[in-house]
Amino acid sequence: MTTQYLDVCDALPGEHPRPQMFREIEQNMEDWIGADSSGHDLDHARRVFNIGVRLANQKNADIDIVGAAALTHDIHRSMGEDGEYTHPRESLSAVRSVLEATSFPDEKRSSVLHCVEVHEEYEFNGDDNPAETIEARLVQDADNLDAIGAVGIARNFAFTGVIGNRLWAPDTEENSGLGHVSEKLFHLKDELNTDEAREIAEGRHQFLVEFSERLKKEWIGKL
Ligand SMILES: [Fe+2]
Ligand SMILES: [Fe+2]
């Protein structure tokens, strides 16, 4: 049977009300990202949740914080007018409202907000990594892992379509789907914070490289 969202909680030690609490957060997220078709939808949030919780369990990090941040991290993607980028810090009051409407513990809320605020800073872009906690570093890792490999490719081209770019624009400086793969996605394996994430990234990165090489050959009818 395929592993579903939240099944990852079954593997965690101890009795806890987590699946119910995470369901409440997920349901509240429906209003924010339920209609997204750019690859930042609830399915992305659920995948980041699954990888994040798995990493949090391996690193003895706080599963509640990582799980809640994973589910709420991309509210900022649904906030910009006409596809304009909005920084995650602009979404923090919305994230707070989502959490306040659920049974998520009050004392852990600010730690979730920190994870959300810093999840999209990239050193290859010249940013310093402002993550101050292991939980924030794990949410970054989980989010970056969902941007590479087969899922990453699918998301990339969904995004490409939504913003109206071409699949590839080899003879111009124009932004394109395949251009984004080399400009951003190829760098993500070097942004990861943990050995556990780096191990998962190996195969995903390789797949990305093979995909890119193949697309370029098919483009000119060589394959
Ligand atoms: Fe984001
Ligand atoms: Fe994301």
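Mean separation of Cα pairs under 8 Å and 6+ residues apart, divided by the residue count of the chain: what relative contact order is that in percent?
Rounded, it is 18 percent for the chain.
Taking 0.36 nm per residue of separation and subtracting the Cα-Cα distance, what length does fully extending residue 169 through residue 154 add?
The span from residue 169 to residue 154 would gain 3.6 nm if fully extended.
Counting only heavy atoms of the protein chains, get the accessible area per residue of segment 58-134 (1.4 Å probe) and round it to a whole Å² value.
Details: 3670 Å² over 77 residues.
So segment 58-134 comes to 48 Å² accessible per residue, rounded to a whole number.
How big is the dipole moment of segment 97-157 about its Cα centre under a simple scheme where the beta carbon of each Lys and Arg is +1, that of each Asp and Glu is -1, and everything else is neutral? Debye, nearest 20, please.
With Lys and Arg at +1 and Asp and Glu at -1, about 280 debye.
At 1.4 Å probe size, put 111, 103 in order of accessible surface, largest to smallest.
103, 111
Tell me the mean residue ellipticity at 222 nm calculated for the chain from its helices only (DSSP H runs of n ≥ 4, each -39500 (n - 2.57), averaged over every residue, nearest 500).
Here the helix-only value at 222 nm equals -17000 deg cm²/dmol.
Just need the Rg to Rh number for the chain, please, alpha carbons only, Kirkwood Rh.
On the way: Rg = 17.7 Å, Rh = 18.1 Å.
We get a ratio of 0.98 for the chain.
Contact order normalised by length for segment 51-173, with contacts defined as Cα pairs under 8 Å and 6 or more residues apart; what percent is it?
RCO, segment 51-173: 24 percent.
Which order do the peptides 51-58, 196-203, 62-69, 160-167 come out in when sorted by mean C-beta neighbours inside 10 angstrom, highest first?
So the order, starting with the most tightly packed, is 62-69, 51-58, 196-203, 160-167.
Provide the per residue accessible area, probe 1.4 Å, for segment 167-220, rounded to a whole number of square angstrom.
Using a 1.4 Å probe on heavy atoms only, each residue of segment 167-220 averages 62 Å².
Which length gain, in nm to one decimal place, applies between residue 27 and residue 222 when the Cα-Cα distance is subtracted from 0.36 nm times their residue separation?
Gain in length upon complete extension: 65.5 nm.
Compute, for the chain, the length of the dipole vector about the Cα centre, with Cβ point charges of +1 (Lys, Arg) and -1 (Asp, Glu) only. Units Debye, rounded to 20.
700 debye
Just add up the charged neighbours of residue 100: K/R +1, D/E -1, any other residue whose Cβ is under 10 Å from the Cβ of residue 100.
Net local charge, residue 100 excluded: +1.
Between residue 132 and residue 210, what is the FRET efficiency for a Förster distance of 41 Å, r being their Cβ-Cβ separation, to the nearest 0.05?
0.65
Over the chain, what percent of the accessible surface lies on carbon and sulfur atoms, probe 1.4 Å? Each step should come with its number before you reach the end.
Details: 5020 of 11370 Å².
About 44 percent, which is the carbon plus sulfur part of the accessible surface.
The values are calculated or read from the model by the stated rules, or taken from the named source; none is laboratory data. Bear in mind the structure is a predicted one, so any value in this text is a computation, not a measurement. Glycine also receives a Cβ, built like all others from the backbone with ideal geometry; neighbour counts cover every protein chain displayed. Note: accessible area is taken over every heavy atom of the protein model, side chains too, but ligands, DNA and RNA are not part of it. Shrake-Rupley method; radii C 1.70, N 1.55, O 1.52, S 1.80 Å.
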